[in-house]
Amino acid sequence: MFDWVIIGAGVSGALIAQRLSAYPLKLLIIEKENDVACGATKANSALIHAGYDAPFDSLRGRLNAEGNAMYDDLAELLKFPFKRIGSLVLGVGAEDYTALTKLYENGLKLNIPGLKILDQSRIHQMEPNIDPSFEYALYAPTAGITEPWEVAIAACEYAMDQGAKLLLNTEVTEIVKIGEHFIINGAIETKGIINAAGVHADDIYRLIDGEISFAISPRRGEYFLLDKEAGGLVNHILFTCPTYKGKGTIIAPTAHGNIIIGPNSEKVEKDYVNTTFEGLHDVKQNALKMVPNCPLHLNIANFSGVRAEPSTGDFIIEESRIPGFINVAGIKSPGLSAAPAIAKMVESIVSDIHSRRGTALGPMIQTPISRRARLHFSELSEAEKIKAIAQDAKHAHIVCRCEQVTEAEIIDAIHRNAGARTLNGVKRRVRPGAGRCQGGFCGPKVVAILARELGIHRNEVEQERKGSFVLSGGVQDE
Ligand SMILES: Cc1cc2nc3c(=O)[nH]c(=O)nc-3n(C[C@H](O)[C@H](O)[C@H](O)COP(=O)(O)OP(=O)(O)OC[C@H]3O[C@@H](n4cnc5c(N)ncnc54)[C@H](O)[C@@H]3O)c2cc1C
């Protein structure tokens, strides 16, 4: 019998698990896909928003501000990349000025540090490549960039290091309440459930409550990812003024020195993550309005992610009317930024439930100081590289030439808790295939390493989702 089952291994579920793993609880994370972070968490703008955007009196506003402030400590604990590079919302004309002022005032009510409206000369000094017509910008120094999937992977790994269990490839399709307990899929017994199923959170809740009071509608956002050669195009996260559809188009550096451009916002079916000519065309036009010399010919990948738009307009984070069942639903943007604060809020709801049941949560168990950092060979000095090779000769074998990833890094990514099981899973963790050739050279080598390390045939190695086999037909054994 588990104390808590968390449904969904996105950034919300993973950080909730990480937080609850500090207590002596039996925890299980159930995920329908074959890896952690396969929903909205793997395909978004990767920004830790400063927090001036969502209304000051909403849960989104409060948790964004709180979550942003928690990121430095969390990045240190979980060893994921995080840089506060600051953001600029660019404006021109009186209408934009009014919009920027509203954002500024909203931000002040949320105590967002360092907000300023900057004048023309200052913004062109800070960003020499933006269109000369921009007249001012809202500057937020606390906005940052991260690697969203790595936040979730690190949190899951940390929770598992503390004893939490992760069940992949398991879609929750049935929940029955018997007395005080729940039975999931006819087999998994738990005292409580935390529903963090992203765009499917309404479907999950409907399994236990026929009179569900919210719905989730999916909204897709599409992106360009430019080669590192375009790095330096912009120094900050650049937004256009917001429209009713979202925060406006962004151009931003990524945590690894690429440039990300997007997203648009279109209504789609759930999990509809294809990209379209029309959508990308709109993104491109908006990008060129911001940065006229934007080198879109350096594009190396397009992708899209689907937002979980709640019918209530705000995050839904509460114990439902089914006692012991907590919804963490409608976690649209800025859900990544807010995630640490969402996890803290859920911890407090869980604590209240335990007090009501007379089984107090505490005391916290002893936790390790921090997650073991990944060793990124390409980031080491020459002396450190020699030392790394002396410790593990597989660091002398560069598998991915673009990103300089070694075989030892890939093996480590596979064998950690919440380790990689697919080609893209390895790519998200240590980046072979994330460079200019997008895996053209290293893909087959990573397939062979995955097969060897997992003890499976190369024909069984998947690219991404279940059944997406990389190879088919007769592959000869070496
Ligand atoms: C285009 C776009 C841009 C964004 N940009 C930003 C940004 O820059 N900054 C920011 O703060 N936020 C941003 N967001 C929002 C952010 O990505 C999300 O708020 C966050 O990733 C939500 O995480 P989650 O864990 O709640 O959901 P998800 O990551 O979607 O995870 C839900 C998980 O539940 C699993 N699941 C679903 N159904 C079942 C089932 N029946 N059984 C088992 N498992 C199930 C899914 O497979 C999935 O892994 C953006 C979102 C999008 C789409």
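So, in segment 44-54, of the ones that are part of a loop (DSSP other than H, G, I, E, B) and within 18 Å of residue 89 (Cα to Cα), which residue ends up farthest from the ligand (Cβ to nearest atom)? Only one residue tops the list, namely 52.
Filter segment 402-412 down to the residues that are buried (at least 23 other Cβ atoms within 10 Å of the Cβ) and farther than 20 Å from residue 257 by Cβ and list them by number. Give the derivation first.
Taking segment 402-412 and keeping what is buried (at least 23 other Cβ atoms within 10 Å of the Cβ), we get 403, 405-406, 409-410.
Selection gives 410 alone.
Which residues, taken from segment 303-313, are surrounded by fewer than 17 Cβ atoms within 10 Å (Cβ to Cβ) and not β-branched (Val, Ile, Thr)? First the steps, then the outcome.
Initially, segment 303-313 is screened for residues surrounded by fewer than 17 Cβ atoms within 10 Å (Cβ to Cβ), giving 311-313.
Listed by number, the residues that qualify are 311, 313.
When residue 345 is tested against the conditions (1) in contact (Cβ under 8 Å) with a residue 12 or more places away in the chain; (2) among the aliphatic types (A, V, I, L, M); (3) closer than 29 Å to residue 96 by Cβ, the lone failure is (3). For segment 260-316, the set of residues classified as in contact with a Ser or Thr (Cβ under 8 Å, 6 or more places away or on another chain) and among the basic types (Lys, Arg) consists of 267, 289, 307, listed by residue number. Residues considered: 57, 72. Of these, the only one that is free of Cβ contacts under 8 Å to residues at least 60 places away in the same chain, away from the ligand (no atom under 12 Å from the Cβ), assigned by TED's automatic domain parsing to the domain that holds residue 225 and under 17 Å from the mean Cα position of the chain (by Cα) is 72.
Okay, residues lined up against (1) free of Cβ contacts under 8 Å to residues at least 60 places away in the same chain; (2) assigned by TED's automatic domain parsing to the domain that holds residue 327; (3) of a type in the set (A, V, I, L, M, F, W, C):
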position	(1), (2), (3)
137	yes, yes, yes
141	no, yes, no
144	no, yes, no
156	no, yes, yes
161	no, yes, no
168	no, yes, yes
172	no, yes, yes
195	no, yes, no
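Taking (1) touching a Ser or Thr at 6+ places or on another chain (Cβ under 9 Å); (2) crowded, with 19+ Cβ neighbours inside 10 Å; (3) of a type in the set (Val, Ile, Thr) in turn, residue 183 satisfies each apart from (2). Residue count for segment 301-342 under the criterion of being among the acidic types (Asp, Glu) and near the ligand (Cβ under 10 Å from one of its atoms): the result is 1.
For residue 261, are the conditions met, namely being crowded, with 20+ Cβ neighbours inside 10 Å and within 24 Å of residue 11 (Cβ to Cβ)? First the steps, then the outcome.
Details: crowded, with 20+ Cβ neighbours inside 10 Å: yes; within 24 Å of residue 11 (Cβ to Cβ): yes.
Spelling it out, residue 261 is indeed crowded, with 20+ Cβ neighbours inside 10 Å and within 24 Å of residue 11 (Cβ to Cβ).
What pairs can you find where one residue is in segment 2-25 and more than 12 Å from the ligand (Cβ to nearest atom), the other is small (Gly, Ala, Ser), and their Cβ atoms are less than 6 Å apart, with a gap of 6+ or different chains? Final answer for the pair search is 4/192; 18/155; 18/159; 19/343; 21/159; 21/164.
Tell me, please, whether a residue that is surrounded by fewer than 16 Cβ atoms within 10 Å (Cβ to Cβ), in contact with a Phe, Trp or Tyr (Cβ under 7 Å, 6 or more places away or on another chain), closer than 23 Å to residue 233 by Cβ and not aromatic (Phe, Trp, Tyr) can be found in segment 100-113. Lay out the reasoning, then the answer.
First, the residues of segment 100-113 that are surrounded by fewer than 16 Cβ atoms within 10 Å (Cβ to Cβ): 101-102, 105, 108-109, 111, 113.
If we keep only those that are in contact with a Phe, Trp or Tyr (Cβ under 7 Å, 6 or more places away or on another chain) as well, we get 109.
The next check asks that each one be closer than 23 Å to residue 233 by Cβ; those that pass are none.
No, segment 100-113 has no match at all.
For segment 168-195, taking the residues that are touching a strand residue (DSSP E or B) at 6+ places or on another chain (Cβ under 7 Å), away from the ligand (no atom under 11 Å from the Cβ) and part of a loop (DSSP other than H, G, I, E, B), the one that is farthest from residue 322 (Cα to Cα) is identified as 191.
Sub-6 Å Cβ pairs linking a first residue in segment 429-451 that is at pLDDT 95 or above to a second residue that is of a type in the set (Phe, Trp, Tyr), at least 6 apart or interchain, number zero. Here residue 191 fulfils each of the conditions (1) touching a residue at least 40 places away in the same chain (Cβ under 8 Å); (2) touching a Gly at 6+ places or on another chain (Cβ under 8 Å); (3) under 29 Å from residue 142 (Cβ atoms) apart from (3).
When residue 77 is tested against (1) within 12 Å of the ligand (Cβ to nearest atom); (2) within 20 Å of residue 16 (Cα to Cα), only condition (1) is not met.
Residues in segment 115-142 that are among the hydrophobic types (A, V, I, L, M, F, W, C) and closer than 14 Å to residue 104 by Cα were compared, and the one that is nearest to the chain's Cα centre (by Cα) is 140.
When segment 32-42 is limited to residues that are near the ligand (Cβ under 6 Å from one of its atoms) and surrounded by fewer than 24 Cβ atoms within 10 Å (Cβ to Cβ), the one that is farthest from the chain's Cα centre (by Cα) turns out to be 32.
In segment 196-254, the residue that is surrounded by the most Cβ atoms within 10 Å (Cβ to Cβ) out of those that are more than 12 Å from the ligand (Cβ to nearest atom) and assigned to a helix (DSSP H, G or I) is 230. Among the hydrophobic types (A, V, I, L, M, F, W, C) and touching a residue at least 60 places away in the same chain (Cβ under 8 Å): which single residue out of 398, 365, 410 fits that description? Exactly one of 398, 365, 410 is among the hydrophobic types (A, V, I, L, M, F, W, C) and touching a residue at least 60 places away in the same chain (Cβ under 8 Å), namely 365. Just so you know, in segment 260-300 the residues that are in contact with a helix residue (DSSP H, G or I) (Cβ under 8 Å, 6 or more places away or on another chain) and closer than 17 Å to residue 242 by Cβ include one that is nearest to the ligand (Cβ to nearest atom), and it is 263.
The values are calculated or read from the model by the stated rules, or taken from the named source; none is laboratory data. Predicted model only: the values in this text are computed from it and were never measured. We place every Cβ from the backbone using ideal geometry, glycine too, and count neighbours over all the protein chains shown.
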